[in-house]
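Engineer: My structure is below; once you've seen it, I'll send some questions.
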Amino acid sequence: MDTLLLSRIQFGANISFHILFPTITIALGWMLLAFKLAWQRTGNEKWMEAYRFWVKVFALSFGMGVVSGITMSFQFGTNWPGFMEAVGNIAGPLLAYEVLTAFFLEAVFLGIMLFGASRVPVWMHTLATFLVAFGTTMSAFWILVLNSWMHTPAGFEMRDGVAHATDWLAIIFNPSMPYRLTHMLLASGLTVAFLIAGVSALRWLWGDRSDAVRATLRTGVFVGAALIPLQILAGDFHGLNTLEHQPAKVAAMEGNWETRGNVPLLLFAVPDEAARENRFEIGIPNGASLILKHHAAGVVPGLNDFVGEDGSVMHPPVAPVFYSFRVMVGTGFAMLFLSWGAAILMTRRRAGVEGLPRPVLWAMVPMALSGWVATLAGWYTTEIGRQPWLVTGVLNTEQAVAAVPAPMVATTLIAYLTVYAALLIAYIGAILYLARKAAHGDRPETTTPRGQPMAAHVPGE
């Protein structure tokens, strides 16, 4: 493996680990705010109990996200100096906007949210929760602005090989940003909905029959059931936008080699890039044309259109994009069937959580991590699908990599993977520990009067 491939694997490993945690904190902040407002509105202690449990998960996820994000940013200098040299005039300010509008906001109010429940008025604690949730969303906004600009660059001009901004509004609201932002925010919502449902189902199976578990299990199921159709619709719009601006990526997603109409939707195939064909195809006739062009004879671009006369390949590696796209879609449909099935069972005759059979509850437990699976598969589809470009049409990946010896990159890659594997095991173990501890009665016995400071329990203790 050369330096380029090792550097790509290392950055991919870093961002794969990092993205797991913002995917949780973005939506979990808003879910905590919903729990808090429900408690203030109803005075029912189950919502405060839910808040106390899940704010611990938020704190753990937030800390992991910050630390892994810092190590990832180092690689702009150590592994990819050509990126900042070429587009730093645009990437630098966008990253600075994230710090100014998100990190500062979170830094100021996170402590109040986590440890100020018994020390500040209820309205102040609620405001802190809102501002932290807003900060996580603003962080996602600026990161996705930069990422979208790398896919569909706009509002700039090149001077001596360096990008200079000419229209910041065009840069921020570049052609793919609204679709990518919507898709990611919904992905975060689904990740949190299934995490809450899965952990609550596990607590229920462990014998926890508290009102808080009933409330969070129902909330997770119904939020997931509401968001998954919206995500499918947003994904369709995102795919049409990608077809317009990055046709090579769509061709790889569909495993389509020749530009033609009546293209089948491949459920399974083994792409053979050397032979420029697929093996063992199983597909739905005309399916891809119907989805992408909305009529059976619609012409879908083929991968062979992106091969130069000299044989140079200007499309992404087909197999990773093809398979990761199907993992993402398959996980999404699993979310749809499970959430809708559970919602129907709970509403039938108003059975509530007792209406869920044990097999359904057990199915929810591994699906607690389904949002991670779908998000990673979606990011692999998106980012590998951009190759060979780092910034589409402006800077390719090979031009940006650092001249670092391959053994040095391999050594740090192994170190990263070892540390990340240990941290991920510890993170999941910590959540299971919190769930088991809560299931065995680790809940405050005192109640919290509505509208009064919450002295009964300090989140995070």
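Engineer: Quote the relative contact order of the chain in percent (integer), defining contacts as alpha-carbon pairs under 8 Å separated by 6+ residues.
Structural biologist: Working: 716 pairs, mean separation 104.4, N = 461.
This gives 23 percent for the chain.
Engineer: Please go through the stretch 213-274 and write out the GluC sites (Glu not before Pro) that DSSP classes as loop and that have at most 16 other C-beta atoms within 10 Å. Display every interim value, and only then the final one.
Structural biologist: Values: sites: Glu244, Glu254, Glu258, Glu273; in loops: Glu258, Glu273.
Sparse-neighbourhood loop GluC sites (Glu not before Pro): Glu258, Glu273.
Engineer: Next question, about the same structure. Dipole of the chain, Cα-centred, from +1 at each Lys and Arg C-beta and -1 at each Asp and Glu C-beta, to the nearest 20 debye?
Structural biologist: Numbers: 28 positive and 28 negative charges, 458 e Å.
Here the size comes out at about 2200 debye.
Engineer: Hey, what do the phi angles of the stretch 351-362 turn into as Karplus ³J(HN,Hα) couplings, whole Hz, using 6.51/-1.76/1.60 and θ = phi - 60°, x for Gly and Pro?
Structural biologist: Going residue by residue, I get 6, x, 5, 4, x, 8, x, 4, x, 5, 4, 5 Hz, with x marking Gly and Pro.
Engineer: Assuming a ≥ b ≥ c are the square roots of the Cα gyration tensor eigenvalues, decide whether the stretch 248-330 counts as rounded (a/c under 1.5), prolate (otherwise, with a/b larger than b/c) or oblate.
Structural biologist: On the way: a/c = 1.80, a/b = 1.27, b/c = 1.41.
Oblate, because a/c is 1.5 or more while a/b does not exceed b/c.
Engineer: Could I ask something else about it? Normalising by the residue count of the stretch 1-70, find the relative contact order in percent from Cα pairs under 8 Å and 6+ residues apart.
Structural biologist: On the way: 39 pairs, mean separation 30.1, N = 70.
43 percent.
Engineer: No solvent, one uniform scatterer per C-alpha: report log10 I(q)/I(0) for the stretch 316-397 via the Debye equation at q = 0.12, 0.14, 0.27 1/Å, two decimals.
Structural biologist: Once normalised to I(0) and log-transformed, intensities are -0.50, -0.60, -1.15.
Engineer: Whole-Hz Karplus ³J(HN,Hα) for the stretch 423-434, in order, using 6.51 cos²θ - 1.76 cosθ + 1.60 and θ = phi - 60°, x for Gly and Pro?
Structural biologist: Those phi angles translate into 5, 5, 4, 5, 5, 5, x, 5, 5, 5, 5, 4 Hz.
Engineer: Determine the equivalent ellipsoid of the stretch 193-339 by diagonalising the alpha-carbon gyration tensor, then write out the semi-axes as square roots of 5 times the eigenvalues, largest first, rounded to whole Å.
Structural biologist: Details: eigenvalues 310, 49, 33 Å².
Each semi-axis is the square root of five times an eigenvalue, giving 39, 16, 13 Å.
Engineer: Further question: Once amide H atoms are built 1.01 Å from N in the peptide plane, which residues 5 or more positions from Leu390, or in another chain, come under 5 Å H to H?
Structural biologist: Leu395, Asn396, Thr397
Engineer: On to the next question. Modelled label-to-label distance, Thr347 and Thr78, 7 Å Cα→beta-carbon offset: nm?
Structural biologist: If labels sit at Thr347 and Thr78, their model points lie 5.1 nm apart.
Engineer: Still on this structure, please answer the following. Apply the a/c threshold of 1.5 to the C-alpha gyration tensor of the stretch 365-411 and tell me whether it is rounded, prolate or oblate. Numbers along the way, then the final one.
Structural biologist: Values: a/c = 5.61, a/b = 1.63, b/c = 3.45.
It is oblate, given that a/c is not under 1.5 and a/b is not larger than b/c.
Engineer: Starting at the first residue of the stretch 395-408, write each ³J(HN,Hα) from the Karplus equation 6.51 cos²θ - 1.76 cosθ + 1.60 with θ = phi - 60°, in whole Hz, x for Gly and Pro.
Structural biologist: Working through the residues one at a time gives 9, 8, 5, 5, 6, 9, 6, 7, 7, 9, x, 4, x, 5 Hz.
Engineer: Using alpha carbon centroids, what distance separates the stretch 9-31 and the stretch 89-110, in Å?
Structural biologist: About 17 Å separates the Cα centre of the stretch 9-31 from the one of the stretch 89-110.
Engineer: In addition: With the other protein chains left in place, how much accessible area per residue, in square angstrom, belongs to the chain at a 1.4 angstrom probe?
Structural biologist: On the way: 20060 Å² over 461 residues.
Value returned for the chain: 44 Å² of accessible area per residue.
Engineer: Same structure again: Want the number for Ala13 to Trp206: 0.36 nm per residue separation, take away the alpha-carbon distance, what's left?
Structural biologist: Working: separation 193, 0.36 × 193 = 69.48 nm, distance 3.44 nm.
Full extension of this stretch gives 66.0 nm more.
Engineer: Pairing the Cα long axis of helix 104-115 with the longest principal axis of the chain, what angle in degrees results, from 0 to 90 and rounded to the nearest 10?
Structural biologist: Its long axis makes an angle of about 30 degrees.
Engineer: For Trp340 and Glu85, compute 0.36 nm times the residue count separating them, minus their Cα-Cα distance, and round to one decimal in nm. Please list the in-between numbers first.
Structural biologist: On the way: separation 255, 0.36 × 255 = 91.80 nm, distance 4.91 nm.
Length gained, Trp340 through Glu85: 86.9 nm.
Engineer: Rule-of-thumb check for the stretch 78-211: C-alpha Rg over 2.2 N^0.38 Å?
Structural biologist: 1.41
Engineer: Going by the alpha-carbon gyration tensor, a ≥ b ≥ c the square roots of its eigenvalues, is the stretch 379-436 rounded (a/c under 1.5) or, if a/c is not under 1.5, prolate (a/b greater than b/c) versus oblate?
Structural biologist: Numbers: a/c = 5.30, a/b = 1.78, b/c = 2.98.
Note, shape of the stretch 379-436 comes out oblate.
Engineer: Give me, ordered by chain and number, the residues 5 or more places off Asp272 or on other chains with an amide H under 5 Å from its own placed amide H.
Structural biologist: Close amide H contacts, sequence-distant or interchain: Glu277, Asn278, Arg279.
Engineer: Then there is this: Rg to Rh for the stretch 158-245: what is it, with Cα atoms only and Rh by Kirkwood?
Structural biologist: Values: Rg = 20.0 Å, Rh = 15.8 Å.
Rounded to two decimals, Rg/Rh equals 1.27.
Engineer: At R0 = 60 Å, how high is the FRET efficiency between Ala226 and Met408 if r is their beta carbon distance? Nearest 0.05 is fine. Please report the intermediate quantities before stating the final value.
Structural biologist: Values: r = 49 Å, r/R0 = 0.81.
So, using R0 = 60 Å, E works out to roughly 0.80.
The values are calculated or read from the model by the stated rules, or taken from the named source; none is laboratory data. Here the structure is a predicted model, which means the values were calculated and not measured. Positions of Cβ are generated from backbone atoms using ideal geometry, with glycine treated the same way; all protein chains shown enter the neighbour counts. Ligands, DNA and RNA are stripped out before the accessible areas are found, and what is left, the full protein with its side chains, is counted by its heavy atoms. Shrake-Rupley method; radii C 1.70, N 1.55, O 1.52, S 1.80 Å.
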